[in-house]
Amino acid sequence: MGIKENKANGVECAFDILREGINEVIVATEQNAAPMGVIRKKDSLHMAVYLTAHTAQILQRCPFAVLHITDDPRWFVRTAFFDPDPEEYVLEKCTDFFIPRLREIPSWIACTCRVQNKTKEKLLVSLTPIRVVQSPHVFHPVNRGYNSVIEATVHATRYVDTKDPKLGDLISFHLGVAQKCGDEAVKEAVKMLLQHLSEQGCTIVISYR
Ligand SMILES: Cc1cc2nc3c(=O)[nH]c(=O)nc-3n(C[C@H](O)[C@H](O)[C@H](O)COP(=O)(O)O)c2cc1C
């Protein structure tokens, strides 16, 4: 299996990769990266982006995004809370434009973006794939540790602002599952997440129920 690339029109390849429903990816916009959910309904792709995210501010002036496809939870923890260094990006020519993408994540979909609706809270952005690169990948069985550390990270992005104890309990539960079921990559992601939470003054005790 070699690298699958469709330079002329990425749409078909993109729809082989992205499932119906919500796909969790790392979205790069200019030199900014964050985990986001890409919503697929039949042949349309959207993101709902909170205006508090830098991603929303950038998308209103620069209508391009690269969706990085990875199951490495360390990318999700890292980019939820920190921006990668500028050297971690490479410029990729897509149609007539150079778009920054993350060098270390080899599968990606470059898209043009259009703001379809703006509320007080969120932007609804439609995405049109313009180039797809898919690197060879070994399929692994479902691992609850991988799923749970992503769940914990989603809750943590809200918990750092709200300190809502219900979110704290969910984080604690999911980190317990992650520690029990995950491999070294998951455990490293757990460690990164706990460290970030503690730097934000949030103490989470992992639940091993
Ligand atoms: C798996 C995952 C999915 C997320 N999906 C979204 C989303 O769809 N929309 C959104 O606004 N934030 C989402 N977030 C939260 C953002 O990633 C988070 O607020 C991040 O700090 C935004 O970074 P930015 O300010 O660089 O844009 C998600 C977080 C995770 C971990």
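Report every pair of residues separated by at least 6 positions or lying on different chains whose Cβ atoms are under 7 Å apart, first residue within the range 48-65 and modelled with pLDDT under 95, second within 9 Å of the ligand (Cβ to nearest atom) and assigned to a strand (DSSP E or B).
Close Cβ pairs (under 7 Å, with a partner that is within 9 Å of the ligand (Cβ to nearest atom) and assigned to a strand (DSSP E or B)) amount to C62/T29.
Being within 13 Å of the ligand (Cβ to nearest atom) and either open to solvent by 30 Å² or more (accessible area, probe 1.4 Å) or in contact with a Pro (Cβ under 8 Å, 6 or more places away or on another chain) (or both) is the filter here, so list the residues in the range 43-61 that pass it. Quick ask: steps written out before the conclusion?
First, the residues of the range 43-61 that are within 13 Å of the ligand (Cβ to nearest atom): 45-60.
Across the range 43-61, the qualifying residues are L45, H46, A48, Y50, L51, T52, H54, Q57, Q60.
Residue check: is R40 assigned to a loop (DSSP other than H, G, I, E, B) and either more than 10 Å from the ligand (Cβ to nearest atom) or over 25 Å from V149 (Cβ atoms) (or both)? Break it down stepwise before answering.
Numbers: assigned to a loop (DSSP other than H, G, I, E, B): no; either more than 10 Å from the ligand (Cβ to nearest atom) or over 25 Å from V149 (Cβ atoms) (or both): yes.
Spelling it out, it is not the case that R40 is assigned to a loop (DSSP other than H, G, I, E, B) and either more than 10 Å from the ligand (Cβ to nearest atom) or over 25 Å from V149 (Cβ atoms) (or both).
Out of the residues in the range 82-112 meeting the condition of being open to solvent by 70 Å² or more (accessible area, probe 1.4 Å) and part of a strand (DSSP E or B), tell me which one is nearest to A189 (Cα to Cα).
Within the range 82-112, the match that is nearest to A189 (Cα to Cα) is L91.
For S148, state whether it is at pLDDT 95 or above, of a type in the set (S, T, N, Q) and not assigned by TED's automatic domain parsing to the domain that holds Q60. So that I can check it myself, show each step before the final result.
On the way: at pLDDT 95 or above: yes; of a type in the set (S, T, N, Q): yes; not assigned by TED's automatic domain parsing to the domain that holds Q60: yes.
Criteria met by S148.
Just checking, which of T70, T79 is surrounded by fewer than 20 Cβ atoms within 10 Å (Cβ to Cβ), outside any strand (DSSP E or B) and within 16 Å of the ligand (Cβ to nearest atom)? Walk me through how you get there before you give the answer.
On the way: T79 fails: surrounded by fewer than 20 Cβ atoms within 10 Å (Cβ to Cβ).
Checking each option against the conditions leaves just T70.
Quick check, is A14 closer than 30 Å to A178 by Cβ, outside any strand (DSSP E or B), away from the ligand (no atom under 15 Å from the Cβ) and open to solvent by less than 70 Å² (accessible area, probe 1.4 Å)? Outline the logic, then answer.
Working: closer than 30 Å to A178 by Cβ: yes; outside any strand (DSSP E or B): yes; away from the ligand (no atom under 15 Å from the Cβ): yes; open to solvent by less than 70 Å² (accessible area, probe 1.4 Å): yes.
Against the criterion (closer than 30 Å to A178 by Cβ, outside any strand (DSSP E or B), away from the ligand (no atom under 15 Å from the Cβ) and open to solvent by less than 70 Å² (accessible area, probe 1.4 Å)), A14 qualifies.
Considering only the range 27-37, how many residues are more than 6 Å from the ligand (Cβ to nearest atom) and either within 10 Å of L127 (Cα to Cα) or not polar (S, T, N, Q) (or both)? So that I can check it myself, show each step before the final result.
We begin by selecting, within the range 27-37, every residue more than 6 Å from the ligand (Cβ to nearest atom); these are 27-31, 33.
Going one step further and asking which of them are either within 10 Å of L127 (Cα to Cα) or not polar (S, T, N, Q) (or both), we end up with 27-28, 30, 33.
Total satisfying the criteria: 4.
The values are calculated or read from the model by the stated rules, or taken from the named source; none is laboratory data. Computed from a predicted model, the values in this text were never measured in an experiment. When we count neighbours, we look across all protein chains shown, and the Cβ atoms used for this are built from the backbone with ideal geometry, even at glycine. These accessible areas exclude ligands, DNA and RNA; they are computed on the full protein's heavy atoms, side chains included. Shrake-Rupley method; radii C 1.70, N 1.55, O 1.52, S 1.80 Å.
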